[in-house]
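Asks: Below: one structure in structure tokens.
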Amino acid sequence: MTGAGRFILAIAAVAAVWAAVAAPAAAEGRVPLPVLAAGKGDKCVEPTDIMRRYHMEYLKHQRDETVHGGIRGAKHSLVDCIECHAVPDTAANGVRTIRPFCDQCHEYAAVTMDCFGCHTPKAADATEGPTQ
């Protein structure tokens, strides 16, 4: 075996050992992928992969339609998201909100959202139910 062959064999051996030692250690330190509970219905208004990628565009478009055009109850309304995905939220004194559902992926992706400054009942409003 030539010197170059031995060098390549040594690199391959080191890589194999490194993969066996480093890969499990790296996996242990990783943040687990979010596991989202299914909604109440049979399926979402869009396929899951599409909603994961484009939900914010749908929500922004719907917000503009609602705020500027007065159009409510369309396909991508926050009310429908709440209806299907809301769970009791400890941050809202147990009132059902969609925050826990959304927080799982947003925390994983390190993305902040400001929706719930307005769309979560305050303690005084907790008896009125989820906000729209």
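The values are calculated or read from the model by the stated rules, or taken from the named source; none is laboratory data. As the structure is a prediction and not an experimental result, all values here were calculated from the model. Glycine gets a Cβ as well: all are built from the backbone with ideal geometry, and neighbour counts include every protein chain shown. Only protein heavy atoms, including side chains, enter the accessible area calculation; ligands, DNA and RNA are left aside. Shrake-Rupley method; radii C 1.70, N 1.55, O 1.52, S 1.80 Å.
Asks: Anything in the stretch 101-119 that is at pLDDT below 85 and within 22 Å of residue 38 (Cβ to Cβ)? List them, or say none.
Replies: Listed by number, the residues that qualify are 113, 115, 116, 119.
Asks: Continuing with the same structure: So residue 12 fits all but one of (1) open to solvent by 60 Å² or more (accessible area, probe 1.4 Å); (2) modelled with pLDDT of 60 or more; (3) of a type outside the set (D, E, K, R); what number is the exception?
Replies: Among (1) open to solvent by 60 Å² or more (accessible area, probe 1.4 Å); (2) modelled with pLDDT of 60 or more; (3) of a type outside the set (D, E, K, R), residue 12 violates only (1).
Asks: Follow-up question, since we're still on this one. Quick one: how many residues across the stretch 52-110 are in contact with a helix residue (DSSP H, G or I) (Cβ under 9 Å, 6 or more places away or on another chain), open to solvent by 80 Å² or more (accessible area, probe 1.4 Å) and in a helix (DSSP H, G or I)?
Replies: 3
Asks: Among what's in the stretch 37-51 and is in a helix (DSSP H, G or I) and under 19 Å from residue 107 (Cα atoms), pick the residue that is most open to solvent (accessible area, probe 1.4 Å).
Replies: The residue in question is 49.
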